[in-house]
1. Antiparallel versus total DSSP beta bridges in the range 12-144: what percent is that, nearest 5?
2. Report P(r) for the chain: all Cα-Cα distances, bin width 5 Å, range 0 to the bin holding the largest distance, values in whole percent.
3. Report the one residue of Ile61, Cys18, Val95 whose Cα lies farthest in the direction of the positive end of the charge dipole of the chain (charges on C-beta: Lys and Arg +1, Asp and Glu -1; origin at the Cα centre).
4. Multiply the residue gap between Lys76 and Glu35 by 0.36 nm, knock off their C-alpha separation, and tell me the result in nm, one decimal place.
5. If I model a spin label at Ala97 and Leu145 as a point 7 Å from the Cα along the Cα→Cβ vector, what separation in nanometres do I get?
6. Determine ³J(HN,Hα), in whole Hz, for all residues of the range 16-25 in sequence, where each value follows from phi through the Karplus function 6.51 cos²θ - 1.76 cosθ + 1.60 and θ = phi - 60°; x replaces Gly and Pro.
7. Give the lysines reachable from Lys76 as a straight Cα distance under 30 Å; neighbours fewer than 8 places away on the same chain don't count.
8. Kindly provide the trypsin sites (Lys or Arg not before Pro) of the range 93-145 that DSSP labels as loop, not H, G, I, E or B, and whose Cβ sees at most 11 other Cβ atoms within 10 Å.
Amino acid sequence: MARAAGFGSSKSTKPCPCLSGGSYEICCEPLHRGEQQAATAEQLMRSRYSAFAFAEVDYLIATHSASETPMARHRKELHESCHEMRWLKLKIMAVQAGGVDDLEGTVAFEATYQAGGQRSVMKELSLFQRRDRDCKGDWLYIKAL
Ligand SMILES: [Zn+2]
C-alpha cells in the first residue's frame, strides 16, 4: 500500500510494542482493529500488552472475560492505567498449551514499565481460555494465577 509522505512516522510502521520484531501494522494492529483474531494464547497476550501500550481500551475490554467491576468504572480504570504507565518491554518467559488446538493455556511474562519516574517489572502468570470453551471461540484473558 502506498503511503503519503510523512505517514511513516505513524505508529503503524513502528516496531510493535510487543517486540515480536514486526511492525505494529502487521503484528498487533489487525487484532486491535478486529480484522484478525489471536490464534494462540501467546498472541492474545502480546496483543493485550500492545493494547496497554497504545491505550486500546476497547480491545482490552473485549478480550477480558466479564469483569466483576461495573463497566464504566472498569473502562475508567483501564484508561487511567494506560496513561499512568508507560510500557517499555515485554518478555515471554513460558507458554503452556494455548495453541491453535487448545481450549486453555497459560503464559508467564515479565513486562517492564515506567510510572511516576520509577521503572518496575510486572511478573504474571496469566490464564487464557477460548470463549465458551469452544474450539472456534476467540481467546480471552481470564485472570492472573
Ligand atoms: Zn505485536
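Read-outs throughout are calculated quantities, based only on the coordinates presented, and are distinct from any laboratory measurement. Note that the structure is predicted; figures quoted are calculated from it, not measured. Every residue, glycine as well, gets a Cβ built from its backbone with ideal geometry; the counts of neighbours run over all protein chains shown.
1. Here the antiparallel bridges make up roughly 95 percent for the range 12-144.
2. All Cα pairs, binned at 5 Å, distribute as 2, 10, 18, 22, 22, 15, 7, 4, 1, 0 percent.
3. Selected residue: Cys18.
4. Full extension from Lys76 to Glu35 adds 12.2 nm.
5. Using points 7 Å along Cα→Cβ, the separation is 0.9 nm.
6. 5, x, 6, 6, 6, x, x, 6, 4, 5
7. Correct list for Lys76: Lys11, Lys14, Lys89, Lys91, Lys123, Lys143.
8. The qualifying sites are Lys136.
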